[in-house]
Amino acid sequence: SGRLGQTFEARVTGVASYGLFVTLSRCLVEGMVPLRHLPADRWRMSDDGVALVGTLTRTAHRVGDAVEVRSVSADVLSRQITFEICGR
């Protein structure tokens with residue numbers, strides 16, 4: 001929680017209809033990027049289930065992609081961290 005607002009290099013480790021799961025590169029911390037913290041678009045799951053694809057921009061975030069994320073919230077009790085994709 002002491003690192004809110006900081007940016008990190010991460011890798012997409014999973015996708016869901018509600019967002020991306022990412023793991024930080026340096027410390028193997030996992031968190032979530034909900035759809036509301038992705039760049040403005042209409043996001044849908046790819047047919048093969050390994051990417052979220054923007055229907056307006058055709059931007060895709062796939063499992064294995066490197067991304068830069070910013071921490072926006074952390075709940076110490078539930079051990080959940082929320083990130084946003086940088087460059088919104």
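For every residue, the table says whether it meets (1) open to solvent by 30 Å² or more (accessible area, probe 1.4 Å); (2) under 15 Å from residue 9 (Cα atoms); (3) in contact with a helix residue (DSSP H, G or I) (Cβ under 6 Å, 6 or more places away or on another chain).
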position: 35; (1), (2), (3): yes, no, no
position: 48; (1), (2), (3): yes, no, no
position: 54; (1), (2), (3): no, no, no
position: 59; (1), (2), (3): yes, no, no
position: 71; (1), (2), (3): no, yes, no
Among (1) assigned to a strand (DSSP E or B); (2) open to solvent by 50 Å² or more (accessible area, probe 1.4 Å), the one test that residue 28 misses:
(1)
Looking at the range 59-88 only, could you name the residues that are without any contact (Cβ under 8 Å) to a residue 40 or more places away in the chain and in contact with an Asp or Glu (Cβ under 9 Å, 6 or more places away or on another chain)?
59
Failed item in (1) part of a strand (DSSP E or B); (2) open to solvent by 60 Å² or more (accessible area, probe 1.4 Å), with residue 2 passing the rest
(1)
What pairs come up if the first residue lies in the range 30-47 and is within 14 Å of residue 18 (Cβ to Cβ) and among the aliphatic types (A, V, I, L, M), the second is outside any strand (DSSP E or B) and open to solvent by 40 Å² or more (accessible area, probe 1.4 Å), and their beta carbons are under 7 Å apart, counting only those six or more places apart or on different chains?
35/18; 45/17
Give the residues of the range 64-77 that are more than 21 Å from residue 7 (Cβ to Cβ) and modelled with pLDDT of 95 or more, sorted by residue number.
none
Test set (1) on the phi > 0 side of the Ramachandran plot; (2) loosely packed, with under 15 Cβ neighbours inside 10 Å; (3) at pLDDT 95 or above - residue 19 fails condition number
(2)
Every residue in the range 45-71 that is out of contact with any Gly (no Cβ under 8 Å at 6 or more places or on another chain) and part of a strand (DSSP E or B), please.
45, 51, 53, 54, 61, 62, 66, 67
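The values are calculated or read from the model by the stated rules, or taken from the named source; none is laboratory data. From a predicted model like this one, the values you see are computed outputs, not experimental measurements. Using ideal geometry, Cβ is built from the backbone for each residue, glycine included, and neighbour counts are taken over all protein chains shown. Ligands, DNA and RNA are stripped out before the accessible areas are found, and what is left, the full protein with its side chains, is counted by its heavy atoms. Shrake-Rupley method; radii C 1.70, N 1.55, O 1.52, S 1.80 Å.
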